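Take a look at the structure set out below.
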Amino acid sequence: MIKRMFFYTCLILLGIILFINPNFKTITAGVAILLFGMIMLEEGFKVFTKGPLQNILKKATDKLYKSIAAGAVVTALIQSSSLVSVIAISFMSAGLISLSGGMGLIFGANIGTTATAWLVAAFGLKIEISALAMPMLVFGIVFSLQKKISLKGIGNVLAGLGFFFLGIHFMKEGFDVFKEYIDLTQYAIPGFFGIVVYTGIGVVITTVLQSSSATVALILTALAAGQIEYENALALAIGANIGTTITAVLGSIGSNIAGKRLAGAHLIFNLITGVVALAIIFPLADLVDYLSALAGISADDFTLKLAMFHSIFNALGVLIMIPLIKTTESFLLRFFKEKEDKGIEIPKYLNESVLEFPSTVVLALANESKYLYENAIFEIVTHALNIHRQDIKSNLKAKEVVKKSKNNFNTDVRNLYYSKVKTIYGEIIRYATTAQSKLKMGEIMNNRISELIIANRKMVEIIKAVRELGRNVSRYLQSDNTYMEKEYDKFRKKIVKVLRVIYLFRTQEDKELYFSKLLILRNEAKEGKYRTDKSINTLIRKDLINAEMASSLVNDKDNLNDIIKNLISVAELLYGEKDSLLENEKLLEKEIA
């Protein structure tokens with residue numbers, strides 16, 4: 001609602017400005033073309049984000065200095081800090097990276113985004129940029145019309161650069177025409193008061209444009225046209241940095257907890273950086289003059305000096321924040337808390353941000369499925385059979401576990417299914433099918449999602465079977481017929497053995513040992529389903545149980561074997577080391593090929 005109101009307010013203000021002074025039309029058209037170019041650049045680079053780019057960013061987050069460097073380099077290359085932010089939020093939502101790793105990427109992206117200023121100042125304003133823009137647009141459109149995804153990506157990148165440069169050309173032309181009617185330098189405000197005022201203007205412009213890079217490009221073209229004073233331009237650049245945090249905050253409204261925390265980190269970083277830069281703006285300007293002289297930049301080349309200033313104060317902000325990153329992380333974790341009453345039925349890993357990239361949605365689906373299996377399914381199976389979950393994790397023998405579990409838990413399996421499983425099961429299936437239809441995935445990832453769907457269906461089958469078995473387990477828990485009690489205790493012992501091996505399989509390092517045990521148990525269950533149980537036949541022959549009891553035992557033996565097979569199949573699908581896609585660069589390269 002807030003974002004919509006803000007959008008319509010900006011449209012109304014833009015219409016009023018163009019109506020009052022039509023001379024703005026060339027400048028605003030240039031800004032619009034530049035923004036469109038940046039959108040195309042982002043779309044073009046998105047094609048390549050499911051391969052090497054994601055792998056680089058994932059591997060770069062284990063150390064802070066690496067994540068900052070990766071964020072800076074990637075942002076400088078793709079000219080989109082917002083795309084890096086989207087990747088960071090998606091990774092955090094899927095549980096791939098920590099908050100500090102995401103913060104490092106964002107801090108680096110702030111340095112990388114200063115490359116736009118250098119590109120415009122050193123290149124866009126020094127040559128006839130439209131001469132380069134046109135060929136880029138032509139080749140970009142030709143490539144974007146191709147069927148191959150990688151060629152479409154290259155086409156969007158080329159067209160994006162073409163529109164970017166064309167936008168700069170129109171902005172430059174617009175300011176040259178505009179200065180014939182109005183000289184904006186007459187509104188220059190000297191001194192620190194002017195710095196504060198123009199910082200505020202920079203914040204407003206960036207909030208309207210929703211892009212600090214576009215604001216910086218606008219400032220540079222106005223500065224090159226002599227429409228603003230250098231000192232005020234420095235303040236506008238600081239305002240652009242602060243203003244982009246409003247964009248981040250607006251973008252985080254309605255996002256998941258990871259998005260809110262990262263937007264908070266962005267806000268803290270840019271505010272601290274902006275305040276420090278404002279406080280020492282004049283010494284920083286002197287430093288820029290000194291470094292410009294050393295680099296051979298002429299004293300009146302204010303566009304290059306502004307680009308240098310932009311880079312220096314962003315780098316300074318990172319240096320200030322590095323010692324504070326742990327404190328900031330702790331603050332954000334406390335301030336943006338997960339809901340404590342969040343039940344198993346509420347998605348823990350699934351949110352809209354994970355749907356941005358194939359690998360993150362696969363990992364989020366795997367994590368959500370594991371969380372469901374380890375909590376809801378584990379609880380329902382054990383409690384339906386009147387077994388304590390902690391006993392499964394203990395060193396007690398299966399016989400002792402069953403012997404001490406003689407109290408009826410009165411577990412309502414049907415209610416547990418509807419209250420804990422059905423909703424999240426539906427969400428998992430919805431996200432899986434949405435990802436398969438929305439995202440262009442390769443065969444490997446599509447197959448993995450299909451496996452996760454199968455795993456979740458088997459979990460539902462487990463609940464249905466254990467409901468039937470659990471009813472009779474409770475009925476004969478302390479039965480007058482000791483033979484029935486013993487038979488159902490045998491069933492419970494088998495389940496205890498299977499659940500314990502599964503627990504060890506998913507928690508211990510020696511997975512091969514426990515997986516081989518699971519295969520043996522599964523084969524026993526397969527053979528047991530089609531094999532006559534001698535003990536049941538003996539009980540029937542000796543009239544130790546009646547026909548109804550015999551029918552219950554035969555049916556529940558089949559239920560037991562189905563539960564065991566499905567429990568083991570789900571464990572194999574979820575914990576068989578098939579979901580670490582981002583750790584395998586070769587798989588990702590196959591996906592993008």
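Checking each residue in segment 508-537 for being within 26 Å of S405 (Cβ to Cβ), at pLDDT below 90 and among the β-branched types (V, I, T) picks out only I536. Within segment 405-417, the set of residues being assigned to a helix (DSSP H, G or I) and either outside the structural domain of V362 (by TED's automatic domain parsing) or surrounded by 12 or more Cβ atoms within 10 Å (Cβ to Cβ) (or both) comprises V413, L416, Y417. Filtered by the rule that a residue be over 36 Å from the mean Cα position of the chain (by Cα) and either modelled with pLDDT under 90 or charged (D, E, K, R) (or both), segment 409-437 gives a lone residue, D412. The residue list I168, I182 contains one member that is at pLDDT below 85, aliphatic (A, V, I, L, M), surrounded by 24 or more Cβ atoms within 10 Å (Cβ to Cβ) and in the same structural domain as I242 (by TED's automatic domain parsing), which is I168. Among G44, G30, which is assigned to a helix (DSSP H, G or I), closer than 26 Å to M171 by Cβ, modelled with pLDDT of 75 or more and over 21 Å from the mean Cα position of the chain (by Cα)? Unique residue meeting the criteria: G30. Exactly one condition in (1) crowded, with 16+ Cβ neighbours inside 10 Å; (2) within 27 Å of N367 (Cβ to Cβ); (3) polar (S, T, N, Q) is not met by S474; state its number. So S474 meets the others, but not (2). L499 passes every criterion in (1) closer than 30 Å to I429 by Cβ; (2) surrounded by fewer than 21 Cβ atoms within 10 Å (Cβ to Cβ) apart from (2). When V138 is tested against the conditions (1) farther than 24 Å from I27 by Cα; (2) modelled with pLDDT of 85 or more; (3) surrounded by fewer than 18 Cβ atoms within 10 Å (Cβ to Cβ), the lone failure is (1).
The values are calculated or read from the model by the stated rules, or taken from the named source; none is laboratory data. As the structure is a prediction and not an experimental result, all values here were calculated from the model. Ideal geometry is used to build each Cβ from the backbone, glycine not excepted, and the neighbour counts take in all protein chains shown.
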